[in-house]
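Structure record follows, encoded as structure tokens.
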Amino acid sequence: MTGSGARYPVSGVRRRTADAGPRTPDTEQWETEMETLIQDLRHALRSLSRTPGFVLTAILTLALGIGLATAVFTVADILLLRRLPVRDQDRLVVLWGAMRDRPYNYPLGLDDAREFARQTRSLERVAFFSYYGAGPKPIRDGDQISRLRRALVSGEFFDVLGARPALGRALRVADDVSGAAPVLVLSYGAWQRRFGGDPHILGRQVLTYDDGLAYTIVGVMPQGLDYPRGTDFWAPVVPSGVPKDMYVIGRLRSSATAAQARDEMTAFFGRAQASPWQRVLRGVVHTLPRLILGDTRPALIVFAAAAGLLLLITCINVANLLLVRGLARVREIAVRSALGAGRGQVIVQLLTENALLALAGGALGLAVAAGAVRIFVAFAPAGVPRLDEIHVNATALAGAVAITAIATLIFALAPAVITSRVELERALRSDPRHSAGRRSRRATEALVAGQLALALLVLSAAGLIARSLIKLERAELSLEPSHLLIGDLTLRYDQFGTAAKQRALLERLLSQVRAIPGVRAASPVVAVPFSGSGGWDGKPAAEGQSAEQAAANPMLNMEVVAPDYFAALGIPVRRGRGFTDADRAGAPPVVVVSESAARHYWGSDDPIGKRLRMGENFERTATVVGVVPDTRYRDLRDARASIYHPLRQSFFPYMPMKLAIRTSGSPAELVPAIRRVIAETEPGVALASAAPFETFLDGPLAQPRLNALLLGVFAASAVALAAVGLFGAMATMVRQRTRELGVRMALGATARDLRRMVMGRGLAVAGLGSVLGLLGALLANRFLAAMLYEVTPTDLATLTAVTGFLIGVAALASLIPAQSTTRIDAVVALRAEG
């Protein structure tokens, strides 16, 4: 280099060193390194600008892989990695009871929960919360009635959690005693959504419609605290005056384990003072983070794995592109080496070009990540925890930088090293198209086979999830979902506080609703569709069963219904009859049973006329008059056994306050008329909400649909990238073997023969990748088991279909390069290659 301009390319550096006095050797070395870096960057930009198609392909490929990986990292960071706003979250455990061979959960009464708190040695602090979780509570705001989800908790709840309020104070022990003024604390999400984040919210009152309580807002809890899931506000248990069925939440002592707490709960159920039904229960314990995550953890792990595979496919694809481009530049690199450039300098120059591609791909990938996160939030099921916290933040930016750096190392280093290994004399004498050779083609094809194998892994997972979703959407409900409206009544307990008053109210309401034009049938129902364990359950015994046999009976759904119930829901009566107006108080007690319940009690015998014993001490006997199919009203995944009781003979302490209404037209169009009739004729009662049955299907289908959507996006991206990789490999092969193809044509090969040769090579690579992918899928898909419905992880039909699809895509990707061989002129090819 000569001249000050070459030695000091940055004028600011020259002025600074001049002001600082004589330059030191370190200063001169730094200036030289800066000059070299700037020259490398300029040369890299000029080199990349000569191949815009390659640059665009590489950047878009990187943006897709890095963007989707960053989006998954963003979601996983919030849901899996970020700590809850509580103290030592892993020491917090929730306990309840369960039968040893049944999936039902059993709470403790409040007195039993307090007794357990006194006896426990494994928990240093104990609190309680309602078994019913976050239940909808009607809130009056002027003439409007809306709903907020209330969770009843003991006064120690937030002390046990170690949660600090974002505003005001938390609940205290003094708030949870008889005679205490009703107070509540809001969740952060409800504060933002319902009250607009009003900083002056403290002291404001919230009036509940059903019990007339005026709750005073005393605090707002921090963002991210969502337990029980879906809670809008927490209120003390005792002042609420509702049934006290509780779960226990506690903080483990430093020397205790969750297993010890579980064993203590089991021993508590088995104590001498316990009731007979409690003694068959065992303790169940879960950590709080596990309960909050719920069913989202397996899906997130699968998405993270799919994103990782997609990122790996991306890196392999770009590495392949760089390797092909680098091998085409062998003569250029040989000239640089002949002019004195060392191998290290060549590698640095190539890495600089690759780093620029990675940075551009990472920057565009960040935009892809932001869009993907917004789509996830938009389509995520309502039950996903901490959804309002999910956005691309500083942590996500750091993750994107890390992912970009890792991707750079993976896809840039190996091609740079391989490309730098040139035999100088041979490279200068040969045509650039011959410099690759058989070894480089095999390396490229091996990379493509790896891409296809990884793509098949993701594609098989997406296929299994999609097939599972189709089966779930087509599950036999054993009821007719069309023209079915589900309404939710709310009423004043001071007017309708007893079962007798509620029963009389329902009978009046049903007659009024049935008189509305367009209503064909109406009946009360215990719970809204797909509420799982949110309804009523019972454990009846068949007449003649021993105590041991009765103890082994399953827990069954209990439904209290009107005579119109089976017509309203479109449930066929398979044997016997349904209920009639004659099934009233004073008449012989009757029940209708579902088919699996009948099989359990009486096997293949005719159940009509058989008798069931029910109640706390089996003191009530009812005769079976009808058999209906098991329905999926409670749970879409499983048809549940049920016992149906006529409304007028119900012995339950309170009545169901949901309505099932069969309409002749659109259910939604009748809602205003139903609401008006109820409001005009029954003061103290309101139809708080109503929706067609199909609306409730969105709940259990939301997570499977999201799973299918996201894995479908990953699979489509992976297959597209693998197809691009195969297309590039076959096109490069045709370009590098032009002379060989010309010789074959000169010796009599037809265009069909050449097409078959190229297609055969492409399909051989695809076949190898498919075999490897299938082996990987057979091992990896077992982790999908929890997300599947009536589909096994090794489902042959799905694996065959996705393999056939991938082979078809590979055939299309190979067809265009194969077709290009028909345009080769043997004479021109031999002359050009001679």
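The values are calculated or read from the model by the stated rules, or taken from the named source; none is laboratory data. The structure presented is a predicted model; accordingly, all values stated were derived computationally and were not measured. Glycine gets a Cβ as well: all are built from the backbone with ideal geometry, and neighbour counts include every protein chain shown. Ligands, DNA and RNA are excluded from the accessible area calculation, which covers all protein heavy atoms including side chains. Shrake-Rupley method; radii C 1.70, N 1.55, O 1.52, S 1.80 Å.
Ranking His645, His391 from most to least accessible surface, computed with a 1.4 Å probe over the protein chains only, gives His391, His645. Determine which residues of the range 632-672 fall in the zone a paramagnetic label at Ala585 would reach in this model, i.e. backbone nitrogen under 19 Å from the point 7 Å along Cα→Cβ. From the range 632-672, the list is 645-657. Computed from the C-beta positions of Leu56 and Val401, the FRET efficiency with R₀ = 22 Å rounds to 0.45. Suppose a student asked you for the relative contact order of the range 218-304, using Cα pairs under 8 Å spaced at least 6 residues apart; what percent would you report? Answer for the range 218-304 is 24 percent. Within the full protein context, the accessible area of His43 is estimated at about 50 Å² for a probe radius of 1.4 Å. Normalising by residue count, the range 439-539 has a Cα convex hull of 212 Å³ per residue.
Taken as Cα centroids, the range 157-184 and the range 228-268 sit 15 Å apart, rounded to the nearest whole angstrom. For the range 444-534, GluC sites (Glu not before Pro) are listed when DSSP marks them as loop and at most 13 other Cβ atoms sit within 10 Å of their Cβ; the list is Glu476.
Residue ranking by accessible heavy-atom surface, 1.4 Å probe, largest first, among Val624, Val377 comes out as Val377, Val624. Of the GluC sites (Glu not before Pro) found in the range 562-627, the ones in coil according to DSSP and having at most 15 other Cβ atoms within 10 Å of their Cβ are Glu616, Glu619.
Rounded to the nearest 10 square angstrom, Phe783 shows an accessible area of 140 square angstrom against a 1.4 Å probe. Overall shape: oblate for the range 768-809, with the ratio a/c of the largest to smallest alpha carbon gyration tensor axis at 1.5 or above and b/c at least equal to a/b.
Estimate the FRET efficiency between Asn617 and Leu779 by the formula 1/(1 + (r/R0)^6), using the beta-carbon distance for r and 45 Å for R0, to the nearest 0.05. With a Förster radius of 45 Å, E is 0.25. The coefficient of translational diffusion for the range 496-593, derived via Stokes-Einstein from the alpha carbon Kirkwood radius under 37 °C and 0.692 mPa s, stands at 206 µm²/s. What part of the accessible area of the range 105-221, given as a whole %, is carbon or sulfur when the probe is 1.4 angstrom? Heavy-atom surface of the range 105-221 belonging to carbon and sulfur, 1.4 Å probe: 46 percent. Working note: Karplus 6.51/-1.76/1.60 with θ = phi - 60° gives the range 173-187 the couplings 4, 5, 7, 10, 9, 4, x, 5, 5, x, 10, 8, 10, 8, 6 Hz, where Gly and Pro are set to x. For a modelled paramagnetic label at Arg474, 7 Å from Cα along Cα-to-Cβ, the residues of the range 790-818 in reach, with backbone nitrogen under 15 Å, are 790-792, 797-798. Multiplying the residue separation of Leu359 and Ala499 by 0.36 nm and subtracting their alpha-carbon distance yields 43.5 nm. Taking amide H as placed 1.01 Å from N in the peptide plane, Ser689 has its amide H under 5 Å from the amide H of Asp488, each at least 5 places away in sequence or on another chain. At full extension, Arg118 and Ile516 could sit 137.7 nm farther apart than now, given 0.36 nm per residue minus the alpha carbon distance.
The calculated FRET efficiency for the pair Arg87 and Tyr654, based on their C-beta separation and a Förster distance of 35 Å, comes to about 0.35.
Taking each residue as 0.36 nm, the span from Ile608 to Leu202 lengthens on full extension beyond its C-alpha to C-alpha distance by 140.1 nm.
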